[in-house]
1. Scan the stretch 336-347 for residues that are under 26 Å from residue 48 (Cα atoms) and either without any contact (Cβ under 8 Å) to a residue 24 or more places away in the chain or surrounded by 19 or more Cβ atoms within 10 Å (Cβ to Cβ) (or both) and jot them down.
2. Give me the pairs, please: first residue somewhere in the stretch 105-132 and without any contact (Cβ under 8 Å) to a residue 24 or more places away in the chain and on the phi > 0 side of the Ramachandran plot, second residue anywhere and assigned to a loop (DSSP other than H, G, I, E, B) and surrounded by 12 or more Cβ atoms within 10 Å (Cβ to Cβ), beta-carbon distance under 8 Å, and either six or more positions apart or on two chains.
3. Scan the stretch 328-350 and give yes if some residue there is in contact with a helix residue (DSSP H, G or I) (Cβ under 8 Å, 6 or more places away or on another chain), assigned to a loop (DSSP other than H, G, I, E, B) and at pLDDT below 95, otherwise no.
4. Out of all the residues in the stretch 300-320, which are without any contact (Cβ under 8 Å) to a residue 40 or more places away in the chain and under 17 Å from residue 217 (Cα atoms)?
5. Might you let me know whether the stretch 81-97 holds any residue that is surrounded by fewer than 23 Cβ atoms within 10 Å (Cβ to Cβ), assigned to a loop (DSSP other than H, G, I, E, B) and at negative phi?
6. Report whether or not residue 282 is within 27 Å of residue 216 (Cβ to Cβ) and either part of a loop (DSSP other than H, G, I, E, B) or in contact with a helix residue (DSSP H, G or I) (Cβ under 8 Å, 6 or more places away or on another chain) (or both).
7. Answer yes if at least one residue in the stretch 62-84 is modelled with pLDDT of 90 or more and in contact with a strand residue (DSSP E or B) (Cβ under 8 Å, 6 or more places away or on another chain), and no otherwise.
8. Would it be correct to say that residue 186 is within 24 Å of residue 116 (Cα to Cα), at pLDDT 95 or above and crowded, with 22+ Cβ neighbours inside 10 Å?
């Protein structure tokens, strides 16, 4: 497919996408504002907060446009979960055309803020920022294939300084059922919600130590039929797999008994500069220690992976995985390092669709903004997939199609909808009955043609 063909079809696909998501919005005025807000996020506007996005939609009355958009984002009642679910359905249609979902990544990123009034803001550590700063923390769940990363849910971490302050809760319009939850609890709820909605989560669950240290997450992975490869803290304790130790040892203590020569250099990918990324690793089969209880038949051997990065004076990063005993060391490392998908995703979310541009202070507005951001990013992912279909060659890279806020256009004809690809149903597999059997959750252009069988 030529680039010109893609460009000529983008207007039609955009309309079809907006119609698809708009079915989750109960009122016509909400659907109109959603379309305007989405197109604004997709535009080349330098700042993508409500006011600069609203002004071009009514140049003759920018203040009125601003107030109307503020109401849509901050006050208008609509279901974030259903909007995100429909966005996931569209993104899955596109992403799985290039290969099946391989896994799910739980992570978080910081959003730097000025002042103390934006909901959830405080001085706190952000791994993405690499320091303590005045910020909000957004917890994310995303799925990945060999080629694409698709965010499926975003949640705001609400510190205890907010959750337990009645005045701040009232000012930020935080619902009464929203209580303090750790980032791990938020992430696990996202995982359960996605599973309940029929989103294919893949076979592998990845997370850093802030999430992987919780046994509840590792247990949940097993309940959902997934393997895990997650970070842990240096203090996590283990028993040996031979049953010889008389007391458990921490990951750090175990690493202290591993001679430097036992650490093997392994590379996992080549970066954009053509440099192979590598570090030294050591591996041990262990059993997780649960409190003071001795290991028994309920416990299973897993991998403990110790990473010694160049420039460090020893191994300072530790992981556990229940991948099979037969997994090679290279396979274990490659699986762990698949978390790099979120780094690019966060860069694109912040640089392309205004993820961190929202200036409102209240809970409903933050969540509505993130829902529209997720939709806009999903469309970009889908456009990249169309630009690089399986086996495509000679198609220039470049960013996905971008455009300024649109004027009114004629309605979309059915003949301009994206065609169903032969491998759509195979790629989606059998783990997404809700997304396939409920035709309301399937892009309109896919509801005809080949039957989506159970």
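1. 341, 342, 343, 345, 346, 347
2. 115/121
3. no
4. 300, 302, 303
5. No, the stretch 81-97 contains no residue that is surrounded by fewer than 23 Cβ atoms within 10 Å (Cβ to Cβ), assigned to a loop (DSSP other than H, G, I, E, B) and at negative phi.
6. no
7. yes
8. In short, yes.
The values are calculated or read from the model by the stated rules, or taken from the named source; none is laboratory data. Just so it is clear, the structure is predicted and the values come from calculations on it, not from any experiment. Backbone-built Cβ (ideal geometry, glycine too); neighbour counts: all protein chains shown.
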